[in-house]
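Peer 1: My questions all concern the structure below.
The values are calculated or read from the model by the stated rules, or taken from the named source; none is laboratory data. On a predicted model such as this, the values are computed, not experimentally measured, just so you know. Cβ: placed from backbone, ideal geometry, glycine included. Neighbour counts: every protein chain shown.
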């Protein structure tokens, strides 16, 4: 690595830590750290990781640097995945059944990613570090989920009433920039179009852009949820999942028919009472008329 590229990497790396600290301060100042505690912890962990491993990188202690770096990447992958779940819960806050289903799916997705990472780690040759391959596979899996989240929000925001000015949307957008750049660069590097040096520089630049997106959303006024354009369809999804979770028992048909018969008899009895109340005044009027007629005939000469 030349001195120029070494300086650029250091500048980008320092810029990441400074911007992340700025985002964390703004979240704390606006009390958004209570709404997104995992994302706030993720920012603090990355700033702390930078402060710990930077001296080893500057002094040439690369063995300790790489050990701490990959430990930090493991923690970052775990917290990033939890942050995605946190954003998902914020998006589906009005829909409790969909939120519960999403929580179950996230747990299974995390378990599958962990198992895939372990399998990939032990399926490589002895000359390759299994820990390195396990962490890179786990990191790639988290990037796939992050990219899927932002695509989901872009496609279904109008169904869920999610405003693009919401902080949760901005956080997912930043994660999507990081994930998209990383996956694209990995594909280009595997095809021989991009070298390792260029890959690192572009990846760090994309990370700075993503943090700037977070910083902009941390400064902007949080937008309220918009009115979903297809609220009835979303409500049908919610009701359908609720019916699946709480099905109607098969023996509930008999009470239903009993209630129907009871309502029918009640309605018929009410109609009889109404008819009786309408017929009695008519009979009384007729009797009064006949009595008047007879009295009048008696009074005639």
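Peer 1: Restrict the check to the stretch 47-68 and report whether at least one residue is surrounded by fewer than 16 Cβ atoms within 10 Å (Cβ to Cβ) and outside any helix (DSSP H, G or I).
Peer 2: There is at least one residue in the stretch 47-68 that is surrounded by fewer than 16 Cβ atoms within 10 Å (Cβ to Cβ) and outside any helix (DSSP H, G or I).
Peer 1: Still on this model: Could you please let me know if residue 183 is surrounded by 13 or more Cβ atoms within 10 Å (Cβ to Cβ), within 30 Å of residue 12 (Cα to Cα) and either modelled with pLDDT of 55 or more or touching a helix residue (DSSP H, G or I) at 6+ places or on another chain (Cβ under 9 Å) (or both)?
Peer 2: On the way: surrounded by 13 or more Cβ atoms within 10 Å (Cβ to Cβ): yes; within 30 Å of residue 12 (Cα to Cα): yes; either modelled with pLDDT of 55 or more or touching a helix residue (DSSP H, G or I) at 6+ places or on another chain (Cβ under 9 Å) (or both): yes.
So residue 183 passes the test.
Peer 1: Would you point out which residue out of 173, 201, 241 is in contact with a helix residue (DSSP H, G or I) (Cβ under 8 Å, 6 or more places away or on another chain), assigned to a helix (DSSP H, G or I) and modelled with pLDDT under 60?
Peer 2: Numbers: 173 fails: modelled with pLDDT under 60; 201 fails: modelled with pLDDT under 60.
None of the others qualify; the one that does is 241.
Peer 1: Can you tell me how many residues in the stretch 18-37 are part of a helix (DSSP H, G or I) and buried (at least 19 other Cβ atoms within 10 Å of the Cβ)? I'd like the intermediate steps shown before the answer.
Peer 2: Our first condition is that a residue be part of a helix (DSSP H, G or I); within the stretch 18-37, this holds for 18-29, 37.
Right, trim to buried (at least 19 other Cβ atoms within 10 Å of the Cβ) and you get 19-20, 23-24, 27.
Total satisfying the criteria: 5.
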